[in-house]
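Undergrad: Right, I'll just put the structure down here and ask away after.
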Amino acid sequence: MAEPLKVGLAGLGTVGTSVVRLLEDGRDKLVARSGRPIEVVAITARSRAKKRGADLKKYRWVADPLTLARDPSIDVLVEVIGGAGDPAKAAVEAALAAGKAVVTANKALLARHGQKLAALAERHGVALNFEAAVAGGIPVIKTLREGLNGNAFTRIYGILNGTCNYILSRMEQDRLGFEQCLREAQRLGYAEADPSFDVEGHDTAQKLSILASLAFGTKLDPAAIYVEGISSITLADLDAAEQLGYRVKLLGVAVKTEAGIEQRVHPTMVPKDSAIAQVMGVTNAVTIDAEGIMPITLVGPGAGGMATASAVVSDLADIARGVRGAPFGRPVSHMTATRRAPMQRHEGGYYIRLLARDHPGTAATIARRLAQRGISLDSIVQRHDAAEQRAASGRSGKPVPVIMITYATSEDAVRKALSAVRRDRVISGSPQVIRIEKN
Ligand code: HSE
């Protein structure tokens, strides 16, 4: 039998231990498919003593990730430590510089240093694979890099954060508050150590920057991404979405426009009958629009030990077979600088929810301000709650929710119109604005 591919594994959390298990359980299958065994020969993690529910005694323990990366007995470093800085960064750099392939699940590291690492891999003629870094077990990296490498991409968007999708799904289905659903997501182990990273959209942004680079051949530029999270979404928004034929999802969207590549992460209303709207719970989904084909939607597990480990092992199998592509689908010298499309120029439909003062002329004032900015309304509804409706007068003096859906307009027009409405003092609080994404 051919020589085994010798793996050094850095990081023994949920993903790392699942990689060990998958390689052990799938050994024969992997030999059949790759022509050679894939064997873990050395491991390292922060604590050796920690209980991990797996028998790791048979693997040689190495003191730290950097020593493991330089260990002459390994062919590949698997880095599942996480974080954009050291020790993950130093270990990955050291492995590549020593001519060893790297498989990583580290979205933060790639978003921040992807190009530099790809250049290092290129210089040393080794693979840098990262299927596990985006959407866990969904093979979206391979789909963009290999499956569709003859197509021109026009838009890529998806649910890239399981925690947010879980929260929004639970809020909608079980009529629970945001905080309670977040606590549940943490208990189930979906959320990052700092959950604000999930709910404020930064996790999605890191993943989107990787997908955008693969799709559009641009240099990774997470700072080019407009980011808004889900913490301001209320049950009132989810109810309104339901009644208007939408569902609210946190989407990462990268789209080619005349002004450049628009990259944005924000709560989004998607038509209830779209493929992406059906995706509930911790599941992830990515829709790819490319010239020459109908949109493709990939749906699957975006987090969790086994799902992420399945992507790591598939990357290892490619290396075992001797398959090596450019990490971002093209040589680094062909990756172009992102021409950022400013968010102010984003065009689309908008959902706007205001708390309007219940006085004569309020609706006329709001309508006038929107008209001044050329915004046309698809629908406008003023909602009283049931108790208020029972009050015969119809004028409670209390602010009443006004919900509007606009036809396609620009972000700039919406922002300016709503600032004017606020200055007119006909609403209380801040307007809720949710962008609509057409399928
Ligand atoms: N916190 C992430 C999520 C884990 O909720 O999707 C996978 O990156």
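Undergrad: Any chance you could count how many residues in the range 200-220 are open to solvent by 10 Å² or more (accessible area, probe 1.4 Å) and either within 11 Å of the ligand (Cβ to nearest atom) or acidic (Asp, Glu) (or both)?
TA: Number of matching residues: 4.
Undergrad: Here is a list of conditions, (1) more than 15 Å from the ligand (Cβ to nearest atom); (2) farther than 30 Å from Val381 by Cβ; (3) in contact (Cβ under 8 Å) with a residue 12 or more places away in the chain, and Ala223 meets all of them except one; can you say which number that is?
TA: (3)
Undergrad: OK, next. Evaluate the following for Val41: is it in contact with an Asp or Glu (Cβ under 9 Å, 6 or more places away or on another chain), in the same structural domain as Val312 (by TED's automatic domain parsing) and free of Cβ contacts under 8 Å to residues at least 60 places away in the same chain?
TA: yes
Undergrad: Now a separate question. With respect to Ser314, determine if the residue is out of contact with any strand residue (DSSP E or B) (no Cβ under 7 Å at 6 or more places or on another chain) and open to solvent by less than 50 Å² (accessible area, probe 1.4 Å).
TA: yes
Undergrad: Do you know which residues across the range 143-175 are open to solvent by 40 Å² or more (accessible area, probe 1.4 Å) and more than 16 Å from the ligand (Cβ to nearest atom)?
TA: Once the filter is applied, which keeps residues that are open to solvent by 40 Å² or more (accessible area, probe 1.4 Å) and more than 16 Å from the ligand (Cβ to nearest atom), the range 143-175 yields Glu146, Gly147, Asn149, Gly150, Asn151, Ala152, Thr154, Glu172, Gln173, Asp174, Arg175.
Undergrad: Of these, Thr283, Thr336, Thr257, which one is crowded, with 20+ Cβ neighbours inside 10 Å and of a type in the set (Val, Ile, Thr)?
TA: After ruling out the rest, the residue left standing is Thr283.
Undergrad: Condition check: open to solvent by 60 Å² or more (accessible area, probe 1.4 Å), modelled with pLDDT of 90 or more, over 33 Å from the mean Cα position of the chain (by Cα) and not assigned by TED's automatic domain parsing to the domain that holds Arg247. Does Ala364 satisfy that?
TA: So Ala364 passes the test.
Undergrad: Follow-up question, since we're still on this one. Determine, yes or no, whether Tyr246 is within 27 Å of Ala408 (Cβ to Cβ) and open to solvent by 40 Å² or more (accessible area, probe 1.4 Å).
TA: No.
Undergrad: Give me the residue from the range 124-142 that is within 16 Å of the ligand (Cβ to nearest atom) and at positive phi and, out of that set, farthest from the chain's Cα centre (by Cα).
TA: Ranking the qualifying residues of the range 124-142, first place goes to Gly136.
The values are calculated or read from the model by the stated rules, or taken from the named source; none is laboratory data. All figures in this text were calculated on a predicted structure; none of them were measured in a lab. Counting neighbours? That spans all protein chains shown, and the Cβs are built from the backbone with ideal geometry, glycine included. The protein model used for the area step is the full one, side chains on, heavy atoms only, and it has no ligands, DNA or RNA in it. Shrake-Rupley method; radii C 1.70, N 1.55, O 1.52, S 1.80 Å.
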